[in-house]
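Okay, so here's the structure we're looking at.
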2 protein chains.
Amino acid sequence: MDWLDQVRWDSQGLVPAIAQEASTGDVLMFAWMDREALRRTAELGRAVYFSRSRGNLWFKGEESGHVQQVHEVRLDCDNDVVLLKVTQLGHDPSIACHTGRHSCFFHLLKDGRWQEVDPVLKDPQAIYK
Amino acid sequence: MDWLDQVRWDSQGLVPAIAQEASTGDVLMFAWMDREALRRTAELGRAVYFSRSRGNLWFKGEESGHVQQVHEVRLDCDNDVVLLKVTQLGHDPSIACHTGRHSCFFHLLKDGRWQEVDPVLKDPQAIYK
């Protein structure tokens, strides 16, 4: 049986995917994958997602240069969530977020509001030019 | 503006939630939250999810005793994914997965197939009795 057939794709043919930095353990981002994205991720050893807004494959880093080298592909107990262990390439310190931050999870709930607690490491206008 | 209103709930009123162990950085599990689950999580300082299969609030650990104490609630750049930093209580070493494993992400893709690479720490029959 094909390993891709063991994944429980949702009604839209997608699974959630979490990218975690291998060296630090930081959760960098969350995105979606279709069958082709997961197949290409495993084949290329770099993260390929499915862009729900654009409706096509999204080779992470294709515009920004912030490619994710994939060391491990994991699947959860229900076979419906993927976890990638990655090295986030393209900038030092590493940038995964389109806002120019290290991680997408930069809003911290504090005193009853979301506060931006992590710095912008590179101006997005300089990333996407 | 209420911080809960800033979350971009999906068409079913849910957001994905990732639970990460604060002490180790390990990604423990992935679940969903509705507005009430997130509100209660912040209020109680323990993880409350929304069970899509049962259609109700799921106080993590209510049956297993494997409660997640929540240290941080984070939101991503698009305001549509939650990340919790937790202490996984109830067993040492910690168990988050209903299979009795530390993390739900115990299937590793290797040699073209999913391999179970993490041990069962406690028999699920002894967890859910």
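The values are calculated or read from the model by the stated rules, or taken from the named source; none is laboratory data. Predicted, not measured: the structure shown is a model, and the values here were computed from it. Please note: Cβ atoms are built from the backbone with ideal geometry, for glycine as well, and neighbour counts cover all protein chains shown. Side chains included, ligands, DNA and RNA excluded: accessible areas come from the protein's heavy atoms. Shrake-Rupley method; radii C 1.70, N 1.55, O 1.52, S 1.80 Å.
Of the residues screened, B:D26 is one that is among the acidic types (D, E) and touching a residue at least 40 places away in the same chain (Cβ under 8 Å). Is it true that A:A42 is crowded, with 19+ Cβ neighbours inside 10 Å and within 11 Å of chain B (Cβ to nearest Cβ)? Here the answer is no, as A:A42 does not meet what is asked. State whether the residues of the range A:116-126 include one that is within 14 Å of chain B (Cβ to nearest Cβ) and open to solvent by less than 40 Å² (accessible area, probe 1.4 Å). No, because not a single residue in the range A:116-126 is within 14 Å of chain B (Cβ to nearest Cβ) and open to solvent by less than 40 Å² (accessible area, probe 1.4 Å). When B:A37 is tested against (1) out of contact with any Phe, Trp or Tyr (no Cβ under 7 Å at 6 or more places or on another chain); (2) away from every other protein chain (no Cβ under 11 Å), only condition (1) is not met. Determine if the range B:17-25 includes at least one residue that is of a type outside the set (G, A, S) and surrounded by fewer than 19 Cβ atoms within 10 Å (Cβ to Cβ). Looking for residues that are of a type outside the set (G, A, S) and surrounded by fewer than 19 Cβ atoms within 10 Å (Cβ to Cβ), one finds at least one in the range B:17-25, hence yes.
State which residue is farthest from A:V27 (Cα to Cα) when the search covers only the range B:78-108 and only residues that are open to solvent by 10 Å² or more (accessible area, probe 1.4 Å), within 10 Å of chain A (Cβ to nearest Cβ) and part of a strand (DSSP E or B). Of everything passing the filter in the range B:78-108, B:R101 is farthest from A:V27 (Cα to Cα). Of note, B:R52 does not satisfy the criterion of being open to solvent by 60 Å² or more (accessible area, probe 1.4 Å), under 28 Å from A:E72 (Cβ atoms) and facing chain A (nearest Cβ under 9 Å).
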